[in-house]
Amino acid sequence: MTILDGKKTSADIKAEIAEKVKELKAQGKKTPHLAAVIVGNDGASKTYVGAKVKACELVGFDSTLIELPTETTEAELLAKIEELNNNDAIDGYIVQLPLPKHIDEHKVLLAVDATKDVDGFHPTNVGRMALELPTFLPATPYGVMELLERYKVPTSGKNVVVIGRSHIVGRPMSILMSQKRAAGDATVTVAHSRTANLKELTLKADIIVVALGVAEFLTGDMVKEGVTIIDVGITRLDDPSKKNGFRLAGDVHFESVAPKAAFITPVPGGVGPMTIAMLLKNTLLAGENRA
Ligand SMILES: NC(=O)C1=CN([C@@H]2O[C@H](COP(=O)(O)OP(=O)(O)OC[C@H]3O[C@@H](n4cnc5c(N)ncnc54)[C@H](OP(=O)(O)O)[C@@H]3O)[C@@H](O)[C@H]2O)C=CC1
Ligand SMILES: Nc1nc(=O)c2c([nH]1)NC[C@@H]1CN(c3ccc(C(=O)N[C@@H](CCC(=O)O)C(=O)O)cc3)C=[N+]21
């Protein structure tokens, strides 16, 4: 069993990016600049955005964190987005999801300038991804592809089951793995809450990408020997013995699944850190495209 070490791989990628930034600076060129907008006070969201800003500092990017109160109106957020679109200093930015319920997420994503959309959530970029045109790939699926590629996990001709069909994880994951590309050429089944025979599907799968957001959902009895497991899920479970009062759980019951797996990602230290590395990679690309 091989652990797909997202923490180490993301550190490698960040070192590669830091090297590029050094070159840019030596040539007197502009330093890539990422902005992140966060609306409201969600603890987990704040942690993720904080990690993104810290990662920017580590590779030598400029970063701007824009924290808006929960009561921010949709119009105010759209005005902020317009400002970021017009700000020449900003190469790329993200609007952290989820947004408060009174704000229409689709409207917001549509307002982001597609050339600055380093999350790859704008319909133009989703379309470009589907058409296999150069674009910003959504960071989480992109990170999974990169992890599979760097560990040389065989995917061509393999049966993949993706559990989850969200716009930011499951759906793009299924599109990328079915494409003719690195870590692609797989035969992909997308499962979701209406899937009738999930266990039958997972028992036949060579690779399972688990992205439903239910802690420790996938158990050892649901997988075959030699399976590859990509655990995207992150849930905070109350744990009074921890100093912050919680522990992180993936969507995979690691103890029962890992002994049967050929490759498996841990939580934490798997897909999460890769997401951040790929966001930086997209920001570097955004800067190059603008230059
Ligand atoms: N590591 C990382 O970088 C990231 C981690 N995450 C984590 O990944 C998880 C998924 O996130 P996200 O995709 O945004 O979640 P969503 O809640 O948007 O989507 C969950 C998907 O899982 C499906 N689902 C829910 N319950 C079941 C079930 N019992 N059986 C089968 N399918 C089910 C849903 O089906 P239906 O469509 O029918 O409702 C839906 O398609 C979360 O834990 C999240 O925190 C998310 C983003 C990045
Ligand atoms: N516009 C937008 N873009 C996103 O990319 C986006 C988003 N909204 N909303 C929420 C999800 C979630 N997400 C994570 C990023 C890093 C970790 C990560 O680094 N996780 C660490 C642990 C972090 C911790 O300690 O909590 C790990 O798994 O090892 C996790 C989750 C990005 N998302």
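The values are calculated or read from the model by the stated rules, or taken from the named source; none is laboratory data. A quick note: this is a predicted structure, and the numbers were derived from the prediction, not measured. Heads up, the Cβs are rebuilt from the backbone with ideal geometry, glycines too, and the neighbour counts pull from every protein chain shown. Surface accessibility is based on the protein's heavy atoms, side chains included, excluding ligands, DNA and RNA. Shrake-Rupley method; radii C 1.70, N 1.55, O 1.52, S 1.80 Å.
Here the chain exposes an accessible surface that is 54 percent carbon and sulfur, computed with a 1.4 Å probe and the other protein chains kept in place. Its residue count N sets the reference 2.2 N^0.38 Å, and the alpha-carbon radius of gyration of the range 139-272 equals 1.00 times that reference. Placing a pseudo-label 7 Å from each Cα along the Cα-to-Cβ vector at Leu65 and Asp185 gives an inter-label distance of 4.3 nm.
Annotation: amide H of Val95 within the under-5 Å range of Val37, sequence separation 5 or more or interchain, hydrogens built in the peptide plane.
For the range 228-240, backbone phi angles converted through the Karplus equation (6.51, -1.76, 1.60; θ = phi - 60°) give residue-by-residue couplings of 9, 10, 10, 9, 8, x, 9, 10, 8, 9, 4, 8, x Hz, Gly and Pro being listed as x. Its Cα centre serving as origin, the range 153-237 has a Cβ charge dipole (Lys and Arg +1, Asp and Glu -1) of approximately 320 debye. Bridging of Lys22 to lysines at a Cα separation below 23 Å is possible for Lys7, Lys8, Lys14, Lys30, Lys52, Lys54, Lys116, Lys281, once same-chain residues fewer than 8 apart are set aside.
For the chain, taking Cα atoms only, Rg and Dmax work out to 19.0, 58 Å respectively. Derived scalar couplings between HN and Hα for the range 67-72 equal 9, 10, x, 3, 6, 3 Hz in order, rounded to whole Hz, by the Karplus curve 6.51 cos²θ - 1.76 cosθ + 1.60 (θ = phi - 60°), x for Gly and Pro. Computed from Cα atoms, the angle from the helix 271-290 axis to the main principal axis of the chain rounds to 40 degrees.
Packing, taken as the mean count of other beta carbons within 10 Å per residue, orders the peptides 271-280, 36-45 from highest to lowest as 271-280, 36-45. Working from label points 7 Å from Cα in the Cα-to-Cβ sense, the Asn244 to Leu133 distance is 4.0 nm. Between the range 1-27 and the range 225-274, the C-alpha centres lie 23 angstrom from each other. For every other residue with a beta carbon closer than 12 angstrom to the beta carbon of Leu84, add +1 if it is Lys or Arg and -1 if Asp or Glu, then tell me the sum. Computed value for this residue: -4. Name the residues of the range 43-67 whose amide N is less than 15 Å from a point 7 angstrom out from the Cα of Ala18 along the C-beta direction? Answer for this model: 54-62.
Charges were assigned to the Cβ only: +1 to each Lys and Arg, -1 to each Asp and Glu. The resulting dipole of the range 28-113 about its Cα centre is roughly 340 debye.
Considering only His33, Thr9, Val95, the residue lying farthest towards the positive end of the dipole of the range 1-115 is Thr9, judged by Cα position with unit charges set on Cβ. Exposed loop sites here are GluC sites (Glu not before Pro) assigned a DSSP state other than H, G, I, E or B and surrounded by at most 12 other beta carbons within 10 Å; excluding them, the longest clear run of the chain is 72-224.
Above 16 angstrom, tally the Cα pairs of the range 28-113 and express them as a % of all pairs, no decimals. For the range 28-113, the share of Cα pairs beyond 16 Å comes to 52 percent. Annotation: for a label point projected 7 angstrom from Cα along Cα→Cβ of Glu83, residues of the range 55-74 with backbone N closer than 11 Å are 66-68. In order along the range 121-132, phi translates into HN-Hα couplings of 9, 5, x, 4, 6, 5, x, 5, 4, 4, 8, 6 Hz, rounded to whole numbers, per the Karplus curve 6.51 cos²θ - 1.76 cosθ + 1.60 with θ = phi - 60° and x for Gly and Pro. For Leu218, nonlocal amide neighbours, meaning residues 5 or more places apart or on other chains whose placed amide H falls under 5 Å from its own, are Val252, His253. Note on the chain: with charges restricted to the Cβ of Lys and Arg (+1) and Asp and Glu (-1), its dipole about the Cα centre is near 600 debye.
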